[in-house]
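A quick write-up on the structure given underneath.
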Amino acid sequence: MTIRVLIKLNLLMGALITALLIASLIAEDFVMRALGVPPPFSNSMQFIGMRLIMVIGICAVPVVRFILTRLLMIVETVSTGNPFVVANAARLQKIAWALLALELTHYAVGAVAASVSSAAVPINISWGFSLTRWLAVLLLFVLTRVFEEGARMREELEGMV
């Protein structure tokens with residue numbers, strides 16, 4: 001249930017970011033003021049950077065959806081009592097790669113923000129290295145191997161019976 005709600009919220013966030021991007025193209029001055037950028041900077045590279053960050057955010061939506069739908073599939077196999085299947089190992093590996101892509105996207109957003117930020121109008125995005133996020137990626141790759149081995153053992157056990 002929670003994962004299904006997260007899938008819907010992810011799509012909502014994508015729609016809201018898309019609406020902001022469209023609004024920034026139609027009513028640039030209004031959006032700039034709403035984002036707190038003073039009028040002298042309204043045609044600066046900073047606004048192009050902000051739009052690029054919006055585009056990156058929109059591109060992350062399908063990646064997050066991909067992760068959440070694979071996670072939902074894994075949860076469904078757990079509820080049937082059969083989590084150690086080859087399909088779940090493959091799903092975990094795909095989730096790990098997608099999470100790695102999201103982590104790299106995180107750095108892309110930070111790099112864009114840092115390159116267009118100025119003293120007059122700073123873009124404050126915390127985007128530093130996070131050991132926790134990188135450990136999550138690593139642990140997913142390890143968990144993939146655990147599920148592969150568990151599926152192999154289960155198949156061997158069922159073959160013996």
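The values are calculated or read from the model by the stated rules, or taken from the named source; none is laboratory data. Everything quoted here is computed from the prediction, not taken from an experiment. Every residue, glycine among them, receives a Cβ derived from its backbone with ideal geometry; neighbour counts consider all protein chains shown.
List of remarks:
- Members of region 44-62 that are outside any helix (DSSP H, G or I) and of a type in the set (A, V, I, L, M): none
- Restricted to region 113-129, and to residues there that are exposed (fewer than 13 other Cβ atoms within 10 Å of the Cβ) and in contact (Cβ under 8 Å) with a residue 24 or more places away in the chain, the residue that is nearest to the chain's Cα centre (by Cα) is Ser115.
- On inspection, Arg4 passes the criterion of being among the charged types (D, E, K, R), touching a helix residue (DSSP H, G or I) at 6+ places or on another chain (Cβ under 8 Å) and at pLDDT 90 or above.
- Listed by first and then second residue, the pairs with beta-carbon distance under 6 Å, at least 6 apart or on different chains, first residue in region 95-111 and touching a residue at least 40 places away in the same chain (Cβ under 8 Å), second of a type in the set (Lys, Arg) and in a helix (DSSP H, G or I), are Ile95/Arg70.
- Enumeration of residues in region 70-113 that are of a type in the set (Gly, Ala, Ser) and under 30 Å from Glu158 (Cα atoms): Ser79, Gly81, Ala87, Ala89, Ala90, Ala96
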